[in-house]
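The values are calculated or read from the model by the stated rules, or taken from the named source; none is laboratory data. If you're wondering where the values come from, they're calculated on a predicted model, not measured in any experiment. So basically every Cβ, Gly included, is an ideal-geometry build from the backbone, and we count neighbours across all protein chains shown. These accessible areas exclude ligands, DNA and RNA; they are computed on the full protein's heavy atoms, side chains included. Shrake-Rupley method; radii C 1.70, N 1.55, O 1.52, S 1.80 Å.
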Amino acid sequence: MGEFEVHRVRFFGLVPAGVRCLACHPRGPRLALARTDGAVEVYNFAFNYFQEKVIPGHESRSVESLCWAAGDRLFGAGLSGDITEYDLSGLSAARGVDGGGGPIWSMVASGTGSQLAIGCEDGSVKIFQVVPGGVQFERNLDRRKGRVLCLSWHPSGTHIVAGSIDFFRVIDVTSGQTVQRIMVNHHVEKAKRECVVWAIALLSSGTVVSADSFGRVQFWDWEQGTLAESHTVSTSAALSLAVSEKEDSIIVGTSTGATYQLQLLPVNLDGQEKRWVRTKPFQFHSHDVRAVAHSPTALISGGLDGHLVIRPLMEKMQKKGYDAALRKFTFPHRRLVSCARKARLLLFQFSQYLELWRLGSTEETGKDGEVLSLCRMPEHLVQLKSKGPEHIYCSCVSPCGTWIGYSTASRFHLYRVRCEGAGVSLRKV
């Protein structure tokens, strides 16, 4: 093997975008993921969890919720107040419809996938029909004061439960009226601070599962309006939850970066009575776990640290192998660094700008593995900002270092680089 120099690049100040929400395909091996910068990614479980598609972010697009509907159609909603359908072939946001209720905090699809329900800032819950070419407003459900932070649709499609601050309510879809309103702190004496219901789920048995800012996962009988079980999983907030298809397992994400699993297990070995039992915590994240998903064979969590973690359920695995291994995606799957070898230049890609650096150099020689001191430090030559709200999708510098190109979702830009003495000039082509 010939001699070569290894440059340790420590000046790429990339801050990864956190995971904001997840959506498992109800009848397929695909996972949709939205990040805090508005980017949407699609992963394929059937082929080793590889990143299948990436839709670049946009400055005016904030994605608070994702869901699959009407087969393989993917919809997103956020604080801009629009419901957006994504073109998974063209990798772009295809169509957008104004929700009509201000910022949208939550969105969920019906069991058949033919309807979408959104929870808005003004306290309204709205139903949209999924039609060819987009979505169409159908009707408003009962409106109450307080933003709707989370929603869940009963598997039969008869009721919707909506979580807000200090309470949640159950709405009859046919009549559009609230049939039950439950205060989550009615059993706590002298509750001095508000309790935020961050996540909620309505099971087929009629049980409502809520996760709140007090770190509790609570099980409610909504018809009687009573609390059946309560589990304090964290000293801080419980931010997200997801239920398995058979409704016998729940994953909960907290603001400490820990995830918990609750399983429905029989009290006695041969008994019919069952209770929810909490397992040990799994600390895979360093920041808030804002999104979780439950696939048939794994627990999936996404944190604001940018990590996507897939923990297989060993009791669901037929045999040990690569599919039973823990997966932790901690780095972007796209190339964000390109190199001009002849000119000793590096181009770094960020969401809205590029940085061009010249590598440092040394005149010393040493033994294998020895660190050599630099006679010339790395130099930041230029920062190239992208115009417009679209984020940069890909970029590259030519091997000779005289051309820089980058692309957004709709445009391609090419620049000529000229090194003039100690400075660098860019000319758009």
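So Val289 clears everything in (1) open to solvent by 30 Å² or more (accessible area, probe 1.4 Å); (2) in contact with a Gly (Cβ under 7 Å, 6 or more places away or on another chain) except one condition, right? Which one?
All conditions pass for Val289, except number (1).
For the stretch 280-360, list the strands (runs of 3 or more DSSP E) that sit wholly inside it and hold at least 2 residues that are closer than 26 Å to Asn44 by Cβ and of a type in the set (Val, Ile, Thr); which are they?
308-312
Filtering the stretch 95-114 down to residues that are in contact (Cβ under 8 Å) with a residue 24 or more places away in the chain and part of a strand (DSSP E or B), which residue is most open to solvent (accessible area, probe 1.4 Å)?
It comes out as Arg95.
Give the residues of the stretch 371-422 that are in contact with a Gly (Cβ under 8 Å, 6 or more places away or on another chain), of a type outside the set (Val, Ile, Thr), part of a loop (DSSP other than H, G, I, E, B) and surrounded by 19 or more Cβ atoms within 10 Å (Cβ to Cβ), sorted by residue number.
Result: His391, single match.
Hey, can you tell me all the residues within the stretch 235-270 that are hydrophobic (A, V, I, L, M, F, W, C) and free of Cβ contacts under 8 Å to residues at least 40 places away in the same chain?
Ala258, Leu264, Leu265, Val267, Leu269, listed by residue number.
Considering only the stretch 265-286, state which residues are open to solvent by 50 Å² or more (accessible area, probe 1.4 Å) and under 19 Å from Phe219 (Cβ atoms).
Those that are open to solvent by 50 Å² or more (accessible area, probe 1.4 Å) and under 19 Å from Phe219 (Cβ atoms): Leu265, Pro266, Val267, Gln272, Glu273, Lys274, Arg275, Val277, Arg278.
Just wondering, is there one or more residues in the stretch 218-232 that are assigned by the TED database to the domain that holds Ile83, of a type in the set (Val, Ile, Thr) and open to solvent by less than 40 Å² (accessible area, probe 1.4 Å)?
Within the stretch 218-232, not a single residue is assigned by the TED database to the domain that holds Ile83, of a type in the set (Val, Ile, Thr) and open to solvent by less than 40 Å² (accessible area, probe 1.4 Å).
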